[in-house]
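I have placed the structure first, in the form of structure tokens, so that the comments after it can refer back to it.
The values are calculated or read from the model by the stated rules, or taken from the named source; none is laboratory data. All of these numbers come straight from a predicted model, not from anything done at the bench. Heads up, the Cβs are rebuilt from the backbone with ideal geometry, glycines too, and the neighbour counts pull from every protein chain shown.
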Amino acid sequence: MHANTLDKVDIEDLKDRIRFHAEVAWSTTEPAELEAQLVALAERAEWRGNAPRDFIQRVLKKYEWPTEEEDAESFELKSKASPKEREINPLPGKEKPRLQLSTAVMSNSIQGIVQRQTKTVRRHVEIVVSPCSLNTLRTVMLLLFHVHASKHKTFHVFRTNVADLSRSIELDYRMTKDKAEQLLDEMSVTRFRIHKEGRTFRIPATAISDIDDETGAIRLELNSKLEPYLLDLKRNYRTINDCAMKLHSPRSVMFYWYFRSFVGLRNPKHRATKEALYRVAQVDPSMPWRYFDRDVLGPVVEDIKRTTELRVTYKPERNGRTDRKRGKVDSVILNIKEKPDKSFAGRIKSKLAPKPQLKFKEQPNFKLLPEAQLEYD
């Protein structure tokens with residue numbers, strides 16, 4: 001028996017990898033084959049002995065495979081299936097994990113995300129604190145990016161662990177188990193606010209949000225009541241891009257969703273009432289415009305312009321005119337344009353990126369060839 005060469009930190013990291021591999025592969029792999037894969041993973045990392053095998057057995061006990069007695073008919077169908085059919089559905093009743101997309105689609109009837117609201121007082125104005133944390137909104141978007149609106153017929157259970165969830169929602173650190181549980185508690189009380197046919201109602205965002213105390217495995221599933229607003233949409237919908245995961249505040253995310261509902265219209269200028277903007281930000285309607293512009297809308301627009309593909313400018317409208325400096329603000333004129341190339345949205349330019357080539361002005365004594373070579377007369 002070889003002695004372990006891993007320290008405690010390496011072993012904990014390897015355990016997370018084993019848990020994640022089991023979460024991803026258990027629905028498409030037979031028990032014996034999955035156990036062999038996990039043992040091989042431990043041996044490649046030079047974790048040997050009885051400890052890894054005992055840990056793998058404890059991990060596998062969390063999953064239930066259908067037995068031949070419980071599902072004899074399904075297993076008989078599987079044995080008769082062609083290799084292509086077995087590749088599509090390796091285990092009867094199980095679905096292959098869905099890949100994360102770079103865009104998500106939602107109905108324009110969705111106005112935003114709400115949560116149990118708390119209030120504070122600032123400058124003698126009662127202001128509703130941001131509806132939920134940024135990590136909660138990023139987790140909601142993570143679930144949306146795993147939904148293919150035109151192909152999927154229903155939502156699926158999204159399986160992950162604490163380490164991978166931390167990376168997926170763009171954190172620079174790994175959440176602790178307590179922080180992950182707090183995040184799932186917020187997910188359980190987060191709701192979509194929907195306005196349709198003159199009615200405003202709220203639907204819980206998730207049907208499942210739980211974490212395994214022993215393995216750290218996390219399960220999340222969108223509420224099936226949201227399917228009419230996220231699946232098989234034919235018209236009146238918007239798309240959101242994954243650069244929204246890099247926004248720096250919950251209000252930036254909510255305004256990004258709101259601005260995306262105007263993208264694609266013929267006129268880039270749109271009039272938005274002050275009440276509509278206050279409702280998106282979820283602030284008190286009595287908040288003075290100058291504070292709202294300075295503390296909410298201004299920073300949000302700058303964050304969206306710096307991080308996403310949208311280019312947004314706005315002018316307050318007073319008595320139907322945008323050139324007035326005094327008077328009550330009734331509405332805001334938004335100018336929303338989409339940058340054609342979204343591949344660089346939200347990315348910070350690397351210092352190692354090649355510098356642009358110098359541009360030479362044409363002089364009388366030489367000419368510039370197509371290959372950018374100089375040839376003297």
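Check whether at least one residue in the stretch 87-94 is in contact with a Pro (Cβ under 8 Å, 6 or more places away or on another chain), closer than 17 Å to Leu220 by Cα, modelled with pLDDT under 65 and charged (D, E, K, R), and report yes or no. There is no residue in the stretch 87-94 that is in contact with a Pro (Cβ under 8 Å, 6 or more places away or on another chain), closer than 17 Å to Leu220 by Cα, modelled with pLDDT under 65 and charged (D, E, K, R). I need a count of the residues in the stretch 277-332 that are free of Cβ contacts under 8 Å to residues at least 40 places away in the same chain, in a helix (DSSP H, G or I) and not hydrophobic (A, V, I, L, M, F, W, C). Count: 9.
So is Ser286 touching an Asp or Glu at 6+ places or on another chain (Cβ under 9 Å), surrounded by fewer than 16 Cβ atoms within 10 Å (Cβ to Cβ) and not assigned by TED's automatic domain parsing to the domain that holds Phe20 or not? The answer is yes for Ser286. Comparison of Thr190, Thr206 shows that the only residue that is in the same structural domain as Met245 (by TED's automatic domain parsing), among the hydroxyl-bearing types (Ser, Thr, Tyr), farther than 24 Å from Arg19 by Cα and within 18 Å of the chain's Cα centre (by Cα) is Thr190. Taking residues in the stretch 192-211 that are closer than 27 Å to Phe158 by Cα and without any contact (Cβ under 8 Å) to a residue 60 or more places away in the chain, and partners anywhere that are exposed (fewer than 13 other Cβ atoms within 10 Å of the Cβ) and hydroxyl-bearing (Ser, Thr, Tyr), the pairs with Cβ atoms closer than 7 Å and at least 6 places apart or on different chains are Ala207/Ser224. Here the stretch 138-167 is the region considered, the condition is being in contact (Cβ under 8 Å) with a residue 40 or more places away in the chain and among the hydroxyl-bearing types (Ser, Thr, Tyr), and the residue that is farthest from Lys15 (Cα to Cα) is Ser150. Close contacts from the stretch 253-269, counting a first residue that is more than 15 Å from Asp242 (Cα to Cα) and in contact (Cβ under 8 Å) with a residue 40 or more places away in the chain and a second that is polar (S, T, N, Q) and surrounded by fewer than 19 Cβ atoms within 10 Å (Cβ to Cβ), with Cβ to Cβ under 6 Å and a gap of 6+ residues or different chains, come to Ser261/Asn108; Pro268/Asn335; Lys269/Asn335. The residues of the stretch 260-275 that are exposed (fewer than 13 other Cβ atoms within 10 Å of the Cβ) and at pLDDT below 90, listed by number, are Gly264, Leu265, Arg266, Asn267.
Within the stretch 58-72, can one find any residue that is touching a helix residue (DSSP H, G or I) at 6+ places or on another chain (Cβ under 9 Å) and at pLDDT 80 or above? Checked the stretch 58-72: at least one residue is touching a helix residue (DSSP H, G or I) at 6+ places or on another chain (Cβ under 9 Å) and at pLDDT 80 or above. What are the pairs, 6+ residues apart or on separate chains, where a residue within the stretch 224-243 that is of a type in the set (Val, Ile, Thr) has its Cβ under 8 Å from a residue that is surrounded by 14 or more Cβ atoms within 10 Å (Cβ to Cβ) and in a helix (DSSP H, G or I)? Going by the 8 Å Cβ cut-off, the qualifying pairs are Thr239/Arg260; Ile240/Met141; Ile240/Leu144; Ile240/Tyr256; Ile240/Trp257; Ile240/Arg260. Given Ser188, Ser209, Ser249, Ser261, which one is more than 21 Å from Asp164 (Cα to Cα), of a type in the set (Gly, Ala, Ser) and out of contact with any Asp or Glu (no Cβ under 7 Å at 6 or more places or on another chain)? Among Ser188, Ser209, Ser249, Ser261, only Ser261 is more than 21 Å from Asp164 (Cα to Cα), of a type in the set (Gly, Ala, Ser) and out of contact with any Asp or Glu (no Cβ under 7 Å at 6 or more places or on another chain). In a residue-by-residue description of the stretch 209-220, the property of being farther than 17 Å from Asn135 by Cα, at pLDDT below 90, of a type in the set (S, T, N, Q) and crowded, with 16+ Cβ neighbours inside 10 Å applies to at least one position.
Any idea which residue in the stretch 280-297 is modelled with the highest pLDDT, counting only those that are of a type in the set (D, E, K, R) and more than 16 Å from Ser252 (Cβ to Cβ)? Here the answer is Arg290.
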